[in-house]
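First comes the structure, then the notes that go with it.
The values are calculated or read from the model by the stated rules, or taken from the named source; none is laboratory data. Predicted model only: the values in this text are computed from it and were never measured. Glycine gets a Cβ as well: all are built from the backbone with ideal geometry, and neighbour counts include every protein chain shown. To get the accessible areas, we keep the full protein, side chains included, count just its heavy atoms, and leave off ligands, DNA and RNA. Shrake-Rupley method; radii C 1.70, N 1.55, O 1.52, S 1.80 Å.
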Amino acid sequence: MCGIVGYVGKKQAAPILLEGLSKLEYRGYDSAGLAVRDGDSQAVVVKAVGKLINLANKTDNGKALSGNCGIGHTRWATHGAPSQTNAHPHVSGNCTGSGSGPVQSDVVGVHNGIIENFSELKDKLLRHGYTFYSQTDTEVLIKLVDYYYKKYKVGPIDAIAKTLVRVRGSYALEVMFKDYPGEIYVARKDSPMIIGTAKGESFIASDVPAILKHTRSVYYIGNLEMARIKAGEVTFFNLDGDEINKDLTEINFSAESAEKGGFEHFMMKEIHEQPKAVADTLNKYIKNGKIDLSEVGLTADDIKKVSQIYIVACGSAWHVGMEAQYVIEDLAGVPVRCELASEFRYRKMKLDKNALVIVISQSGETADSLAALRLAKDEGLKTLAIVNVVGSSIARESDHVMYTLAGPEISVATTKAYSCQLVCGFILAVRFADVLGTLGGEEKLNYYIEELLSLPPKIERCLEDKERIQWFASKYASAKDIFFIGRAIDYAISLEGSLKMKEISYIHSEAYAAGELKHGTISLIENGTLVIGSLTQGDLYEKTISNMVECKSRGAYLMGVTEYGKYDVEDQCDFVVYIPKVDDHFIGSLAIIPLQLLGYYTSVAKGLDVDKPRNLAKSVTVE
């Protein structure tokens with residue numbers, strides 16, 4: 001949640017900070033703020049409520065703020081309602097926090113994450129004479145840094161270290177000290193942060209797109225690590241205050257890949273990028289017609305030792321796990337449990353010691369998924385991460401990593417990252433089945449690999465039907481309730497289709513296993529209710545059609561998604577979208593495309609902000 005940026009260099013900082021925040025606004029857009037220093041002068045703090053454009057207008061796109069050292073933040077509210085007072089940056093001084101000019105303060109800072117024991121820390125600071133102007137945990141954190149800085153008369157690194165040992169929760173912390181002009185200090189635990197360098201300049205951000213225009217050379221600061229950042233110079237420290245060495249990483253995607261590229265919204269651009277992203281991911285692990293997981297480090301011997309698989313994820317990544325669960329069990333015969341990370345970490349179940357825990361996360365920083373990963377490792381289980389971000393926390397801490405090649409995904413509603421995760425699940429299913437001898441021979445293995453490699457052009461074909469879907473979306477944009485139904489893999493597809501609809505169109509939408517409709521849910525069907533059936537599984541096709549007809553007899557309007565050739569479905573459904581044929585195990589990669597488009601066009605028809613839906617943020621790094 002939230003986006004942070006920082007800059008130290010030769011140029012005017014504020015325009016660079018605003019530009020960086022514009023690349024991170026998908027992480028939070030309740031309010032935004034800047035703090036900039038000009039030499040030895042006090043920091044000037046400016047805040048604005050609402051989207052970043054309000055802050056840009058308030059500062060003449062940053063031109064009104066002089067100085068070449070500064071920090072910035074765009075907020076997704078956790079503690080305290082969106083307001084100018086609660087907006088970051090926060091200061092250690094006793095002021096109103098309104099953010100209207102120079103502040104008399106020894107410490108100024110911004111923070112991503114949640115400080116779980118902020119009430120306890122606030123009580124401590126109140127006893128020592130501090131007063132508070134906001135409802136945020138961040139103000140508490142900044143004033144705690146100030147407290148240790150003054151009490152022990154230590155430098156910034158020691159003050160931050162003393163603060164962090166008292167803090168419970170997650171943070172990406174960025175602070176400036178009045179006594180140290182031209183320097184920014186940072187610390188990290190569980191919330192993402194990168195530091196980029198160029199000649200005579202340094203950049204800080206919570207995600208790569210914010211600094212791509214300026215540098216591709218970045219450091220990934222680790223958990224419970226701190227850094228001092230000067231112009232073109234970065235020094236890292238551990239929690240004991242000792243200097244540590246870090247390696248530079250080169251980012252391998254371009255700044256243009258984080259731009260809209262002529263599309264009206266990032267979501268539509270990313271929907272259209274799926275054929276290439278899926279092809280790139282497939283080609284990473286299928287070489288010369290064979291599945292090659294050598295880069296993942298998962299050997300045939302490792303696979304043979306696995307007696308159980310736990311897939312742990314949140315949101316759309318959990319939907320990937322739900323679909324992969326069906327495919328792995330059917331092809332490889334290995335029992336699979338797909339668990340919500342937020343529940344898995346608090347379950348008291350006995351875990352199979354020979355299990356493999358697969359953690360799926362686009363950012364590699366998802367708080368609940370990271371906690372579940374650590375729980376699995378504490379239990380001695382082997383772990384495999386499917387992530388999109390090289391060097392992310394989940395990637396670093398897992399025993400094995402399977403990277404997707406989705407590239408930067410800016411829209412809050414995931415599309416191409418989901419599709420890349422899905423084909424990774426399919427690749428694992430086929431590889432497990434091959435090693436365990438459940439496929440039925442070389443010919444069957446080659447068939448499944450060919451079917452996987454056929455997915456990108458077939459996804460491209462699905463995109464050609466977008467005009468019909470746009471027309472249908474405009475017809476149902478005023479719907480109050482939509483139900484998605486399916487069985488087995490079709491149920492997993494329905495889960496993701498329903499989420500796409502509700503998160504960007506704000507229409508109440510639910511996905512149900514089709515066989516469960518008659519056990520209560522069908523009472524919600526009334527005249528005109530839209531019911532969308534996923535009809536891709538040949539052995540379950542007729543059963544799901546029957547469930548849809550039950551809804552139609554109660555007044556529902558039916559939409560179906562099925563393969564070309566199954567034209568008899570038009571006898572029951574009012575509107576049908578056809579997708580190319582592919583093996584039933586992998587058809588979810590195709591069936592999801594029209595549902596993504598339906599959610600997108602519904603949101604557009606309602607005039608909503610597709611890329612930045614209300615109350616949501618891209619990377620959920622808080623619990």
* Structure fact -> Of the residues in the stretch 478-535 that are of a type in the set (Phe, Trp, Tyr) and open to solvent by 10 Å² or more (accessible area, probe 1.4 Å), the one that is nearest to Lys612 (Cα to Cα) is Tyr506
* Structure fact -> Contact list, first residue from the stretch 201-222 and outside any helix (DSSP H, G or I), second anywhere and surrounded by 24 or more Cβ atoms within 10 Å (Cβ to Cβ) and among the aromatic types (Phe, Trp, Tyr), beta-carbon distance below 6 Å, six or more apart or interchain, is Phe203/Tyr7; Ile211/Phe203; His214/Phe203
* Taking the stretch 111-135 on its own, how many of its residues are out of contact with any helix residue (DSSP H, G or I) (no Cβ under 6 Å at 6 or more places or on another chain) and either of a type in the set (Asp, Glu) or under 20 Å from Pro192 (Cα atoms) (or both)? -> 6
* Long-range neighbours under 8 Å by Cβ, at least six apart or interchain, first residue farther than 21 Å from Ala473 by Cα and in contact (Cβ under 8 Å) with a residue 12 or more places away in the chain within the stretch 567-584, second open to solvent by less than 50 Å² (accessible area, probe 1.4 Å) and assigned to a strand (DSSP E or B) -> Pro580/Glu563; Lys581/Glu563
* Asked: Which residue, of Glu563, Glu550, is of a type in the set (Asp, Glu), touching a Ser or Thr at 6+ places or on another chain (Cβ under 8 Å) and either exposed (fewer than 12 other Cβ atoms within 10 Å of the Cβ) or more than 23 Å from Lys502 (Cα to Cα) (or both)?
  -> Glu563
* Asked: Given Asp137, Asp123, which one is open to solvent by 30 Å² or more (accessible area, probe 1.4 Å) and of a type outside the set (Val, Ile, Thr)?
  -> Asp123
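Identify, from the list Tyr180, Tyr149, Tyr171, the residue that is farther than 18 Å from Cys69 by Cβ and over 25 Å from the mean Cα position of the chain (by Cα).
On the way: Tyr180 fails: farther than 18 Å from Cys69 by Cβ; Tyr171 fails: over 25 Å from the mean Cα position of the chain (by Cα).
Checking each option against the conditions leaves just Tyr149.
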* Considering only residues of the stretch 335-358 that are aliphatic (A, V, I, L, M) and closer than 21 Å to Leu436 by Cα, which is surrounded by the most Cβ atoms within 10 Å (Cβ to Cβ)? -> Ile358
* Please give the number of the condition Thr215 fails out of (1) within 30 Å of Gly6 (Cα to Cα); (2) of a type in the set (Ser, Thr, Tyr); (3) out of contact with any strand residue (DSSP E or B) (no Cβ under 9 Å at 6 or more places or on another chain). => (3)
* Which of the residues that make up the stretch 19-49 are over 27 Å from Tyr180 (Cβ atoms) and either modelled with pLDDT of 95 or more or not in a strand (DSSP E or B) (or both)? -> Ser22, Lys23, Glu25, Tyr26, Arg27, Gly28, Tyr29, Asp30
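Return the only residue of Ala324, Ala332, Ala313 being small (Gly, Ala, Ser), open to solvent by less than 20 Å² (accessible area, probe 1.4 Å) and more than 22 Å from Leu439 (Cβ to Cβ).
Details: Ala324 fails: more than 22 Å from Leu439 (Cβ to Cβ); Ala332 fails: more than 22 Å from Leu439 (Cβ to Cβ).
When all the criteria are applied, what remains is Ala313.
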* **Answer residue from the stretch 52-77, given it is surrounded by fewer than 20 Cβ atoms within 10 Å (Cβ to Cβ) and among the basic types (Lys, Arg) and is nearest to Tyr185 (Cα to Cα) among those** => Lys63
* Pull up the stretch 98-115, narrow it to residues that are among the aliphatic types (A, V, I, L, M) and modelled with pLDDT of 85 or more, then point me to the one that is most open to solvent (accessible area, probe 1.4 Å). => Ile114
* Quick check: is even one residue across the stretch 492-510 within 25 Å of Cys314 (Cα to Cα), among the basic types (Lys, Arg) and either in contact with a Ser or Thr (Cβ under 9 Å, 6 or more places away or on another chain) or not in a helix (DSSP H, G or I) (or both)? -> yes
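Do any helices (runs of 4 or more DSSP H) entirely within the stretch 297-391 hold 1 or more residues that are basic (Lys, Arg), and if so, which? Before the answer, list the steps.
Details: elements: 300-304, 315-332, 341-344, 367-378.
Correct list: 300-304, 367-378.
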* To do: Filter the stretch 423-449 down to residues that are of a type in the set (Gly, Ala, Ser) and either open to solvent by 50 Å² or more (accessible area, probe 1.4 Å) or assigned to a helix (DSSP H, G or I) (or both) and give me whichever is farthest from Thr404 (Cα to Cα).
  => Gly440
